[in-house]
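Laboratory data are not the source of any read-out in this text; all were calculated from the coordinates shown. In this text, all values refer to a predicted model and were calculated from it rather than measured experimentally. Methodologically, a virtual Cβ is constructed for each residue, glycine included, from the backbone with ideal geometry; neighbour enumeration extends over all protein chains shown.
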Number of protein chains: 2
Amino acid sequence: MVNIAPSKKQMVAEPSTEQRIIDAARKVFSTKGMAGARMQEVADEAGINKALLHYYFRSKQLLFEGVFKQSAQRQFSCIWDSLKQCDSLFPAIEAFVAAYLDRMIEEPLLPLFIANELNRDPKGLADFVDRGKESRARFLRMVEEARKRGEIIDIDPRELLVNIMALCAHPFIAQPMLKHIHGITDDAFLRMIQKRRKTVPEFIIRSIRA
Amino acid sequence: MVNIAPSKKQMVAEPSTEQRIIDAARKVFSTKGMAGARMQEVADEAGINKALLHYYFRSKQLLFEGVFKQSAQRQFSCIWDSLKQCDSLFPAIEAFVAAYLDRMIEEPLLPLFIANELNRDPKGLADFVDRGKESRARFLRMVEEARKRGEIIDIDPRELLVNIMALCAHPFIAQPMLKHIHGITDDAFLRMIQKRRKTVPEFIIRSIRA
DNA sequence: ATCCGGTTTAACCAAATGGTTAATATTGCG
DNA sequence: CGCAATATTAACCATTTGGTTAAACCGGAT
């Protein structure tokens with residue numbers, strides 16, 4: 001299954017077949033969704049035979065879960081780990097937004113992908129959510145305490161968190177609409193996101209600062 | 001000639017077959033997506049034969065477009081019409097958010113549905129976007145002028161608009177995740193949205209008021 | 001009654017698709 | 001080398017699925 005030390009490949013460091021499959025599958029699944037994705041297309045994208053997909057991953061469902069879980073886990077740990085070494089609220093917000101946007105730039109189709117999967121099967125998400133449980137609780141506590149100290153206005157911490165995530169994720173979910181409305185290119189879109197690394201935390205902090 | 005008092009239908013006013021199909025299709029397409037939806041399921045949901053679907057709408061693609069265009073048009077006109085009779089910025093923001101959230105309550109799966117379709121076929125959206133063109137331009141102008149008058153801080157009007165839409169739409173897109181994270185029911189989710197009719201405009205206005 | 005247009009259905013069909021199998025190629029190793 | 005395990009492929013298979021066809025149904029006009 002795992003290609004440990006292939007002789008020919010030592011110079012170029014070609015990715016293993018398994019990794020090629022995963023990458024191809026991620027690409028196809030993110031753009032077409034689970035139902036719209038075709039095993040043949042994944043195989044073509046990976047440059048292999050369709051049967052080989054079933055050799056590595058027994059079924060479409062398992063392949064999908066593998067790809068999805070990998071991406072989703074990475075997503076959640078990136079985001080929540082970002083505020084592990086912050087202990088005051090405003091820097092935490094800045095770090096969180098930066099981490100979120102950076103991750104989105106890495107894999108722009110992910111939020112839509114995750115939203116769809118969670119909508120399709122709300123049960124299968126307990127794992128990922130629980131992964132960030134402590135960090136999330138800690139963040140909510142930070143908000144609560146800042147509120148008690150009078151640093152910020154009276155706001156439901158959970159609602160604040162929803163707002164932060166909305167401001168980070170939504171531009172990517174609505175990406176095609178934004179691109180068309182503003183008549184911008186991929187490049188200009190990226191610049192806009194880069195700007196948001198600064199403006200989104202400013203926007204949030206201005207609205208909650210006491 | 002015309003049957004003035006049809007015996008069976010005068011009381012119940014059953015919807016026409018065509019409308020039953022549209023309603024069924026909307027339901028199935030929103031939950032399963034275009035690719036995941038099955039014509040048979042739409043037929044069952046509408047209580048009719050599968051062939052009848054093709055009698056009214058020639059193909060799956062046409063049925064989908066019919067449903068999608070109807071929902072999307074309604075969506076955009078609801079939202080943009082809401083600020084036609086506002087001429088100062090803050091009330092406009094309040095009206096816009098209220099209209100957006102009301103529409104979302106009406107059809108909660110729509111934002112995800114639209115996001116997916118625009119992602120699948122970014123070309124086919126020019127119509128809907130252009131429908132709100134003037135209203136959008138007018139809103140951006142209102143922001144610009146409020147900025148010049150010193151009523152609000154220096155902010156890119158387009159970025160403000162993105163933020164507003166993000167705060168409105170995202171809770172619905174992330175609905176399953178929110179429900180699980182906060183451990184809430186459908187009912188509690190609706191209450192949270194009702195609250196947001198007030199808190200979201202407050203959140204926005206606080207962050208831009210000079 | 002009968003005929004006629006629009007409506008509805010059961011039975012079919014061809015293509016697409018996820019998945020399997022058996023045979024072939026490649027690699028690691030004694 | 002030679003052999004065993006792993007990797008890869010071409011050809012198939014069964015089912016699903018969008019779509020078609022021809023027949024039946026039904027209300028109203030003649």
Net charge over other residues, Cβ less than 11 angstrom from the Cβ of B:Ser207 (K, R count +1; D, E count -1):
+2
Around B:Glu107, under 11 Å between beta carbons, what's the net of Lys plus Arg minus Asp minus Glu among the other residues?
+2
Set A:Lys84/A:Lys195; B:Lys84/B:Lys195; A:Lys32/B:Lys133, cut-off 26 Å on Cα-Cα distance; pairs above it are A:Lys32/B:Lys133
Using only Cα atoms, tell me the angle between helix A:110-120 and the longest principal axis of chain A; keep it within 0 to 90° and round to the nearest 10.
80
Anchor B:Lys123: aspartates and glutamates whose Cα lies under 16 Å away (excluding residues fewer than 8 positions away in-chain):
A:Asp186, B:Glu65
Give me the angle, in degrees from 0 to 90, between the Cα long axis of helix B:17-36 and the longest principal axis of the Cα atoms of chain B, rounded to the nearest 10.
60
What number, rounded to the nearest 500 deg cm²/dmol, is the helix-based mean residue ellipticity at 222 nm of chain B, given -39500 (n - 2.57) per DSSP H run of at least four residues and division by all its residues?
-24000 deg cm²/dmol
For the protein assembly as shown, what does the alpha-carbon gyration tensor say about shape, rounded, prolate or oblate, given a ≥ b ≥ c as the root eigenvalues, a/c under 1.5 as rounded, and a/b over b/c as prolate?
oblate
Could you name the aspartates and glutamates whose alpha carbon sits less than 15 Å from that of B:Lys198, not counting residues in the same chain fewer than 8 places away?
A:Asp154, A:Asp156, A:Glu159, B:Glu94, B:Asp102
What residues have an amide H closer than 5 Å to that of B:Ala174, excluding those fewer than 5 places away on the same chain, when H is modeled at 1.01 Å from N in the peptide plane?
none
Net charge of Cβ neighbours under 14 Å - reference B:Tyr55; Lys, Arg +1; Asp, Glu -1:
+3
Note, ³J(HN,Hα) from phi for segment A:121-129, Karplus 6.51, -1.76, 1.60, rounded to Hz, x at Gly and Pro
9, x, 6, x, 10, 3, 4, 5, 4
Treat every Asp and Glu Cβ in segment B:127-210 as -1 and every Lys and Arg Cβ as +1, leave all other atoms uncharged, and give the resulting dipole magnitude about the Cα centre to the nearest 20 debye.
260
Using 0.36 nm per residue, how much length does the chain from A:Glu144 to A:Arg74 gain when fully extended, once their Cα-Cα distance is taken away?
22.4 nm
HN-Hα J couplings of segment B:132-148 from phi, Karplus 6.51/-1.76/1.60, θ = phi - 60°, integer Hz, Gly and Pro as x?
x, 4, 4, 4, 5, 4, 5, 4, 4, 5, 4, 4, 4, 5, 4, 5, 5
For chain A, diffusion coefficient by Stokes-Einstein and Kirkwood Rh (Cα), 4 °C, 1.567 mPa s, µm²/s:
67
Chain A: relative contact order in percent, alpha carbon pairs under 8 Å with at least 6 residues between:
19
Specify whether the C-alpha gyration tensor of segment A:69-140 places it in the rounded, prolate or oblate class, a ≥ b ≥ c being the square roots of the eigenvalues: rounded for a/c under 1.5, otherwise prolate if a/b is larger than b/c and oblate if not.
oblate
Nitroxide proxy distance, nm - points 7 Å out along Cα→Cβ at B:Gln40 and B:Asp130
4.1
Given H placed on each backbone N at 1.01 Å, which residues far from B:Ile152 in sequence or on other chains put an amide H within less than 5 Å of it?
B:Arg147, B:Ala210
Output the 0 to 90 degree angle, nearest 10, between the alpha-carbon long axis of helix A:60-81 and the longest principal axis computed from the alpha carbons of chain A.
30
Based on Cβ point charges of +1 for Lys and Arg and -1 for Asp and Glu, what charge dipole magnitude is obtained for segment B:71-208 about its Cα centre, in debye rounded to the nearest 20?
140
Under the Karplus relation 6.51 cos²θ - 1.76 cosθ + 1.60, θ = phi - 60°, what is the ordered set of whole-Hz ³J(HN,Hα) values for segment A:181-195, x standing for Gly and Pro?
4, 8, x, 10, 8, 4, 5, 5, 4, 4, 4, 4, 5, 4, 4
